Amino acid sequence: IGAGTIGASWAALFLAHGCHVRVYDPSKNVRDTVCRQIESVWPSLAALTGKPEIVLDRLSFHEAPEHAVDGASFVQESVPETLELKHEVFRRIEPALGADTVVASSASGLLVTDMQRGWRDPRNFLLGHPFNPPHLIPLVELAGNGLTAEEAMLAAERFYRACGKDTIR
């Protein structure tokens, strides 16, 4: 959710590690922009993963965030760091999420506690902030609090590790 520079970089990384990636961004040119960014970073990803071919058949674009998260087991949220915008996105996607779907925010300047106020049930929400750019730097900062389920933290660690990342809490 959110396909600016960070979101598109995440999308490229997830594709390189075999994930099906569903993208939502309100930008009119999101498909072209994301595909161009993936193509530009793929040589680096190919060298890191040993997968030389870009696989775009596992990439889809959606006109609403709730459609993009439907059926997802993990959601990387990378919308601009405006609390009101994040809360609006959370309100839209929460009804479409599975009971165990983890949502990780790429936020760097917002508190988990403040972002959690956008959720009815924040137990599967956490900070999953990359060291930039996400497709190259193999480290993700994870943060939660007393409202974050330990199972969500562990699921996020497993997901990121499957994508070649180390995590720190």
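Data table
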{"item": "So Thr33, is it among the β-branched types (Val, Ile, Thr), closer than 19 Å to Pro130 by Cα and surrounded by fewer than 18 Cβ atoms within 10 Å (Cβ to Cβ)", "result": "no"}
{"item": "Given (1) outside any loop (DSSP other than H, G, I, E, B); (2) open to solvent by 50 Å² or more (accessible area, probe 1.4 Å); (3) hydrophobic (A, V, I, L, M, F, W, C), index of the condition Ala99 fails", "result": "(1)"}
{"item": "Residue list for segment 139-168, filter: in contact (Cβ under 8 Å) with a residue 40 or more places away in the chain, among the aliphatic types (A, V, I, L, M) and touching a His at 6+ places or on another chain (Cβ under 8 Å)", "result": "Ala162"}
{"item": "Flag for Val41 being open to solvent by less than 40 Å² (accessible area, probe 1.4 Å) and not small (Gly, Ala, Ser)", "result": "yes"}
{"item": "Positions within segment 139-169 being assigned to a loop (DSSP other than H, G, I, E, B) and buried (at least 17 other Cβ atoms within 10 Å of the Cβ), in sequence order", "result": "Gly144, Thr148, Ala149, Cys163, Lys165"}
{"item": "All helices (runs of 4 or more DSSP H) inside segment 3-82 with 2 or more residues being within 29 Å of Met115 (Cβ to Cβ) and small (Gly, Ala, Ser)", "result": "5-16"}
{"item": "Search result, residues across segment 60-81 that are over 18 Å from Ala149 (Cβ atoms), under 16 Å from the mean Cα position of the chain (by Cα) and open to solvent by 30 Å² or more (accessible area, probe 1.4 Å)", "result": "Ser60, Phe61, His62, Glu66, His67, Asp70, Gly71, Pro80, Glu81"}
{"item": "Condition met for Val140 (within 18 Å of Gly7 (Cβ to Cβ), of a type outside the set (Phe, Trp, Tyr) and touching a strand residue (DSSP E or B) at 6+ places or on another chain (Cβ under 7 Å))", "result": "yes"}
{"item": "Odd one out for Ala107, checked against (1) more than 15 Å from the chain's Cα centre (by Cα); (2) open to solvent by less than 10 Å² (accessible area, probe 1.4 Å)", "result": "(1)"}
{"item": "Within segment 1-20, considering residues that are of a type in the set (A, V, I, L, M) and more than 16 Å from Gly164 (Cα to Cα), the one most open to solvent (accessible area, probe 1.4 Å)", "result": "Ile6"}
{"item": "Selection within segment 115-138 - open to solvent by 70 Å² or more (accessible area, probe 1.4 Å) and in contact (Cβ under 8 Å) with a residue 60 or more places away in the chain", "result": "Asn132, Leu136"}
{"item": "Residue in segment 82-95 that is among the hydrophobic types (A, V, I, L, M, F, W, C), out of contact with any Leu (no Cβ under 9 Å at 6 or more places or on another chain), at pLDDT 95 or above and open to solvent by 50 Å² or more (accessible area, probe 1.4 Å) present", "result": "yes"}
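The values are calculated or read from the model by the stated rules, or taken from the named source; none is laboratory data. Every value quoted in this text rests on a predicted model; they were computed, and no experiment measured them. Using ideal geometry, Cβ is built from the backbone for each residue, glycine included, and neighbour counts are taken over all protein chains shown. These area figures cover heavy atoms from the full protein model, side chains too; ligands, DNA and RNA do not enter into them. Shrake-Rupley method; radii C 1.70, N 1.55, O 1.52, S 1.80 Å.
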